[in-house]
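We did not get these values from a lab; they are worked out from the coordinates using the rules stated. For clarity, every value in this text was computed on a predicted model and none was experimentally measured. Virtual Cβ from ideal backbone geometry, glycine too; neighbours counted across all protein chains shown.
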Amino acid sequence: MTRGTAIEHLGIEFVEVGDDWIGARMPVDARTIQPYGLLHGGVSVALAETLGSAAAHHCVDDSAFVPVGIRISANHVRGVREGLVHAIARALHHRRTLHVWEIRITNDAGQLVCASNLALSIVPRQSIPG
C-alpha cells in the first residue's frame, strides 16, 4: 500500500502495534532534512499524519470508509540531525465519523522532538474521487 508514495520516499516504516497505539520510525537523512541539516518540520508533520491516518484506518471498516485528515497541529520542540525518529500515535477520540489522534515523535534518546494532534473525518469510500 505504501509503494510509490511519500511514505516510501521518506523511509517511514511501521514497526509496532499495541492495543491502543501504533508506532513507526523514519530516518533523518538527505530525504528528510532542511538546508540547515535538521529534520524538516514539514516532514515531521508528514510522519505524524501518516501514522495517525494509518491508526485510524485500522479502526474502521476499510471496505466502506476512509479516514481523511481535516486538521493537524504540531509543536516542534527539539532539532534532530541524524539517526532515526520514532513516532507513536494514540487515540484521543475515535467514533463513527471523527477521530482525533495524538502523535509524539522522539529521537533515538527518547527525547520529545514533535507533539502533534490530528483530526480525521471518517467518510464513505464511495465519496472519494477517482
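Sort out for me the Cα centre separation of the stretch 25-42 from the stretch 88-127, rounded to whole Å. With the stretch 25-42 and the stretch 88-127 each reduced to a Cα centre, they are spaced 21 Å. The Cβ shell under 15 Å around residue 25 holds other residues with a net charge of -4, Lys and Arg each +1, Asp and Glu each -1. Compute the angle between helix 41-57 and the longest alpha-carbon principal axis of the chain, please, reported from 0 to 90 degrees and rounded to the nearest 10. Helix 41-57 sits roughly 30 degrees off the main axis of the chain. With Cα atoms as the point set, the radius of gyration and Dmax of the chain evaluate to 14.6, 44 Å. Counted by neighbouring Cβ atoms within 10 Å, the residues 10, 47, 98 run from fewest to most as 98, 10, 47. Between residue 98 and residue 123, residue separation times 0.36 nm minus the direct Cα-Cα distance comes to 8.1 nm.
For the stretch 5-16, the Karplus equation 6.51 cos²θ - 1.76 cosθ + 1.60, evaluated at θ = phi - 60°, returns couplings of 10, 4, 4, 5, 4, 7, x, 6, 10, 7, 10, 8 Hz by residue, with Gly and Pro reported as x. Residues whose amide H lies under 5 Å from that of residue 113, counting only those 5 or more places away or on a different chain, are 105, 106, 107; hydrogens are built 1.01 Å from N in the peptide plane. Taking amide H as placed 1.01 Å from N in the peptide plane, the amide H of residue 83 sits under 5 Å from that of 28, each at least 5 places away or on another chain. Among 58, 94, 76, the largest mean-square fluctuation in a Gaussian network model of the chain (Cα springs under 10 Å) belongs to 58.
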